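**Student:** Have a look at this one.
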Amino acid sequence: MSELTQEEKFIIEKLKENDGQLNYKELQNLCQDEFEGVRLILKKLKEKTIVDYEGMIPGFSAEITLLRET
């Protein structure tokens with residue numbers, strides 16, 4: 001598996017802090033001061049089977065779930 005980026009690690013850490021699950025909008029708010037492109041980063045994490053959510057790209061009401069810790 002490829003090395004995780006700082007942004008990916010940040011998202012994983014925020015999910016861990018919230019019992020492995022966050023609403024997309026809440027996660028977006030937590031990330032907005034750190035970086036942009038949360039949807040693209042989540043898509044990459046889903047491809048790596050680290051997180052899961054409904055659909056290909058998360059919508060504002062999507063629940064983001066941490067599947068495994070790295």
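Coordinate-derived values only; no laboratory data. What you see is a predicted model, and the numbers here were worked out from it, not measured in a lab. We place every Cβ from the backbone using ideal geometry, glycine too, and count neighbours over all the protein chains shown.
**Student:** Test GLU3 against the criterion of being of a type in the set (Asp, Glu), without any contact (Cβ under 8 Å) to a residue 60 or more places away in the chain and in contact with a strand residue (DSSP E or B) (Cβ under 9 Å, 6 or more places away or on another chain), and give yes or no.
**Tutor:** Values: of a type in the set (Asp, Glu): yes; without any contact (Cβ under 8 Å) to a residue 60 or more places away in the chain: yes; in contact with a strand residue (DSSP E or B) (Cβ under 9 Å, 6 or more places away or on another chain): no.
So GLU3 does not fit the description; no.
**Student:** Report, by residue number, each residue of the stretch 16-30 that is more than 15 Å from LYS43 (Cβ to Cβ) and out of contact with any Ser or Thr (no Cβ under 8 Å at 6 or more places or on another chain). First the steps, then the outcome.
**Tutor:** Keep residues of the stretch 16-30 that are more than 15 Å from LYS43 (Cβ to Cβ), which gives 16-23, 25-26, 29-30.
LYS16, GLU17, ASN18, ASP19, LEU22, GLU26, ASN29, LEU30 - these are the residues of the stretch 16-30 that are more than 15 Å from LYS43 (Cβ to Cβ) and out of contact with any Ser or Thr (no Cβ under 8 Å at 6 or more places or on another chain).
**Student:** So, one more: Restricting to the stretch 24-38, what's the tally of residues that are over 10 Å from the mean Cα position of the chain (by Cα) and either closer than 20 Å to LEU67 by Cβ or of a type in the set (Asp, Glu) (or both)? If you could, list the steps in order and put the result at the bottom.
**Tutor:** Restricting attention to the stretch 24-38, the residues satisfying the condition of being over 10 Å from the mean Cα position of the chain (by Cα) are 25-26, 29-30, 32-37.
Filter once more, keeping what is either closer than 20 Å to LEU67 by Cβ or of a type in the set (Asp, Glu) (or both): 26, 30, 33-34, 36.
Of the residues in that region, 5 qualify.
**Student:** Taking the stretch 54-70 as the search range and keeping residues that are more than 9 Å from the chain's Cα centre (by Cα) and crowded, with 18+ Cβ neighbours inside 10 Å, which one is nearest to THR5 (Cα to Cα)?
**Tutor:** Kept after step one, since they are more than 9 Å from the chain's Cα centre (by Cα), are these residues of the stretch 54-70: 54-63, 67-70.
Filter once more, so that each one left must be crowded, with 18+ Cβ neighbours inside 10 Å: 58, 62.
Details: PRO58: 19, ALA62: 23 Å.
Only one residue tops the list, namely PRO58.
**Student:** Also, quick follow-up: Six or more apart or on different chains, Cβ atoms under 9 Å: show the pairs whose first residue is in the stretch 20-34 and among the aromatic types (Phe, Trp, Tyr) and whose second is assigned to a loop (DSSP other than H, G, I, E, B).
**Tutor:** Partner pairs satisfying both residue conditions: TYR24/TYR53; TYR24/PRO58; TYR24/GLY59; TYR24/PHE60; TYR24/SER61; TYR24/ALA62.
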